[in-house]
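Participant: Dumping the structure here so I can ask a few things about it.
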């Protein structure tokens, strides 16, 4: 039986290991985003960033991983979107979390709406957004 969500419930969070420079190089290759602010320290400093920063889409991907883990095989991630609020740097640990804002009953389960976010281990919220998913009572 699928989990029954309730309004106000916190979603199961996901904490990723600290971001590494190697991870950023690998993500550059996988995503096709070769902007040197993500991989070349000197370039990022000259750009006024104080050093290399992670791709915003990498952080968004972590949030997507949290959501698909929650939805599992017995549901559907209908939609999610984020706003980028801060920079993530090598060494940062990212925790993705969320809270259910609305639940609608459906014939086969539930449609769930949630606020979602990602924050660094320093407590800086670097991504905020919302998500919609369905669960099925199987």
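Participant: What is the helix-to-structure angle for 21-31, meaning the angle in degrees between its Cα long axis and the longest Cα principal axis of the chain, kept from 0 to 90 and rounded to the nearest 10?
Facilitator: Once rounded, one gets 70 degrees.
Participant: I've got another one for you. What ranking do 130, 121 get, fewest neighbouring Cβ atoms within 10 angstrom at the top? List each step's numbers first, then the result.
Facilitator: Values: 130 16, 121 12.
Arranged by neighbour count, lowest to highest, 130, 121 become 121, 130.
Participant: Would you work out the Kirkwood radius for the chain? I mean one over the mean of 1/r across all pairs of different Cα atoms, in Å.
Facilitator: Across the chain, the inverse of the average 1/r is 15.9 Å.
Participant: Which residue fluctuates the most in the chain, going by a Gaussian network model with Cα springs under 10 Å, if the choices are 108, 67, 11?
Facilitator: Sorting by GNM fluctuation, first place goes to 108.
Participant: Taking the chain as a Gaussian network, Cα atoms linked when under 10 Å apart, which of 86, 48, 56 shows the biggest mean-square fluctuation?
Facilitator: 48
Participant: Report relative contact order for the chain in percent, whole number only (criteria: Cα-Cα under 8 Å, sequence separation at least 6). Each step should come with its number before you reach the end.
Facilitator: Numbers: 287 pairs, mean separation 42.1, N = 138.
Relative contact order here is 30 percent.
Participant: Here is a further query. Which one, 28, 107, 13, has the greatest fluctuation when you compute a Gaussian network model over the chain with C-alpha springs under 10 angstrom?
Facilitator: 107
Participant: Ranking 127, 40, 100, 63 by Cβ neighbours within 10 Å, fewest first, what do you get? All intermediate terms of the calculation are to be shown ahead of the outcome.
Facilitator: Details: 127 21, 40 15, 100 18, 63 24.
Ascending number of Cβ neighbours within 10 Å: 40, 100, 127, 63.
Participant: Tell me, 66, 60, 10 in order of fewest to most beta-carbon neighbours within 10 Å?
Facilitator: On the way: 66 24, 60 20, 10 10.
By the 10 Å Cβ count, ascending: 10, 60, 66.
Participant: For the chain, what is the mean residue ellipticity at 222 nm derived from helices alone (per DSSP H run of n ≥ 4: -39500 (n - 2.57); sum divided by total residues; nearest 500 deg cm²/dmol)? Walk me through the numbers on the way to the answer.
Facilitator: Details: 3 runs with 33 residues, N = 138.
Helix-only estimate at 222 nm: -7000 deg cm²/dmol.
Participant: Relative to the longest principal axis of the chain, what angle (0 to 90°, nearest 10) does the C-alpha long axis of helix 56-71 take?
Facilitator: Taking Cα atoms only, the helix is inclined about 20 degrees.
Participant: Need the full-extension length gain, residue 68 to residue 26, defined as separation in residues times 0.36 nm minus the C-alpha distance. One decimal, nm. Intermediate results must be reported in sequence, preceding the final value.
Facilitator: On the way: separation 42, 0.36 × 42 = 15.12 nm, distance 2.21 nm.
Extra length available between residue 68 and residue 26 comes to 12.9 nm.
Participant: Also, I was wondering about something else. Residues in the stretch 7-44 near a label at residue 93, defined as backbone nitrogen under 15 Å from the 7 Å Cα→Cβ point?
Facilitator: Residues 13-20 fall inside that zone.
Values quoted throughout were computed directly from the atomic coordinates according to the rules given, and no laboratory measurement underlies them. Quick caveat: nothing in here was measured; it's all calculated off a predicted structure. Cβ coordinates were reconstructed from backbone atoms using ideal geometry, including for glycine residues, and neighbour counts include every protein chain displayed.
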